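The values are calculated or read from the model by the stated rules, or taken from the named source; none is laboratory data. Just so it is clear, the structure is predicted and the values come from calculations on it, not from any experiment. Positions of Cβ are backbone-derived with ideal geometry, glycine not excepted, and every protein chain shown enters the neighbour counts. Note: areas computed on protein heavy atoms with side chains; ligands, DNA, RNA excluded. Shrake-Rupley method; radii C 1.70, N 1.55, O 1.52, S 1.80 Å.
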Amino acid sequence: MQREETALNVVKRKPTSTERIRVTLADEIVRGMIGPGVVLDETSLAQRFEVSRTPVREAIRQLEAIGFVEARPHRGAVVPNFTPERVNEMFYVMAELESLCARLAAENMPADKSGQLTAAHETCRARAEAEDVAGYYEANAAFHELIYSLGDNDFLADVTRGVRNRLQPFRRAQFGSSGRIHQSIEEHAAIVEAILARDADGAARLARDHIRVVRTSVGSVAPALRS
């Protein structure tokens, strides 16, 4: 109980205007509310979000960095076309990378780090029980990041992190699916159990399955992206 209270009392940083705009636009792109080929006009977006054009411009730049916006000559920032096939390819790579990270974590994790993994999982659980979607998303990212580091392979961690960043809007959107957060917690619990048991094959399989479920959940909130 004390652990849950501690997790829930963590002070959250208020998102910047740039972050708020980036997250909102990315979510609307995933859900199809902003369709392929739409030009993201800085002036109209600044008016919509009641900010100057500077944070809008930076948000668009960040979206471009993860492939959610394409800069086209004479047109500006344009929303690309995400097809179910393209999203499947991205999640396939993500699943294999997460699987390898979990395998290495099970093989290489120092005994004195087991408490960190358990604590990260319990923080996720506390956020889920509080129905704190935004907090859960942050705790979930930290949980996965810890698994990357426990594998003791910096190159793999960097590559996995890069792919994860490109899929970030999809992974965030999945939590809009009914019951998804609580299902995610149970999937995490199984992964943690396998890693702590040094079951490399089991951890790899469970991590891969976890990402496959994420992919299916994306289709639940974005029908146009159902596989």
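Taking the Cα atoms only, what angle lies between the long axis of helix 84-108 and the longest principal axis of the chain, rounded to 10 degrees?
Helix 84-108 sits roughly 30 degrees off the main axis of the chain.
Rounded to the nearest 20 debye, what is the charge dipole size of the chain about its Cα centre when +1 sits on each Lys and Arg Cβ and -1 on each Asp and Glu Cβ?
That gives the chain a dipole magnitude of about 760 debye.
So for the chain, taking the charge dipole from beta-carbon charges (+1 Lys/Arg, -1 Asp/Glu), which of 45, 192, 139 sits furthest toward the positive end?
The residue sitting most towards the positive pole is 45.
Taking all protein chains together and a probe of 1.4 Å, list 109, 33 from the most accessible to the least accessible.
Largest to smallest exposure gives the sequence 33, 109.
Testing the spin-label approximation: label points 7 Å from Cα along Cα→Cβ at residue 159 and residue 70. State their distance in nm.
Once both label points are built, they end up 2.6 nm from each other.
Identify the GluC sites (Glu not before Pro) of segment 9-77 meeting these criteria: DSSP loop state and at most 11 other C-beta atoms within 10 Å of the C-beta. Spell out each step's value before the answer.
Details: sites: 19, 28, 42, 50, 58, 64, 70; in loops: 50.
Within segment 9-77, the qualifying GluC sites (Glu not before Pro) (loop, at most 11 other Cβ atoms within 10 Å) are 50.
Would you work out if segment 155-196 is rounded, prolate or oblate? Take a ≥ b ≥ c from the square roots of the eigenvalues of the alpha-carbon gyration tensor; rounded if a/c is under 1.5, else prolate when a/b is larger than b/c, oblate otherwise.
Here segment 155-196 falls in the oblate category.
Rg and Dmax in Å for segment 19-137, alpha carbons only: what are they?
Final numbers for Rg and Dmax: 19.0, 57 Å.
Say each of residue 141 and residue 52 gets a label point 7 Å from the Cα, pointing the same way as Cα to Cβ; how far apart are those two points in nm?
2.5
Would you mind counting up the charge near residue 158? Only other residues with Cβ under 12 Å from its Cβ, with Lys and Arg at +1 and Asp and Glu at -1. Each step should come with its number before you reach the end.
Values: positive: 161, 164; negative: 145, 154.
My count for the surroundings of residue 158 gives 0.
Net charge near residue 98: determine it from the other residues with C-beta under 12 Å of the C-beta of residue 98, scoring Lys and Arg +1 and Asp and Glu -1. Mind showing how you got there, number by number?
On the way: positive: 103, 161, 164, 171, 205, 208, 212, 215; negative: 96, 145, 187, 209.
Neighbour charge sum, excluding residue 98 itself: +4.
Ranked from highest to lowest mean number of other Cβ atoms within 10 Å per residue, what is the order of the peptides 188-196, 78-86?
188-196, 78-86
If R₀ is 30 angstrom, what is the calculated FRET efficiency for the pair residue 28 and residue 149, using the beta carbon separation as r and rounding to 0.05? Numbers along the way, then the final one.
Numbers: r = 32 Å, r/R0 = 1.08.
Approximately 0.40, to the nearest 0.05.
Whole-Hz ³J(HN,Hα) for each residue in segment 66-79, computed from phi via Karplus 6.51 cos²θ - 1.76 cosθ + 1.60 with θ = phi - 60°, x for glycine and proline: what do you get?
Taking θ as phi minus 60°, the curve returns 9, x, 8, 9, 10, 8, 10, x, 6, 10, x, 7, 10, 6 Hz for segment 66-79.
Taking the simple approach of a point 7 Å from Cα along Cα-to-Cβ for both residue 86 and residue 112, what is their distance in nm?
Computed distance between label sites residue 86 and residue 112 equals 4.8 nm.
Among rounded, prolate and oblate, which fits segment 53-109 when a ≥ b ≥ c are the square roots of the eigenvalues of its C-alpha gyration tensor, a/c under 1.5 means rounded, and a/b larger than b/c means prolate? Each step should come with its number before you reach the end.
On the way: a/c = 5.14, a/b = 2.06, b/c = 2.50.
Note, shape of segment 53-109 comes out oblate.
Could you work out [θ]222 nm for the chain from helices alone, using -39500 (n - 2.57) per DSSP H run of at least four and dividing by all its residues? Round to the nearest 500 deg cm²/dmol. List each step's numbers first, then the result.
On the way: 10 runs with 160 residues, N = 227.
So the helix-based figure for the chain works out to -23500 deg cm²/dmol.
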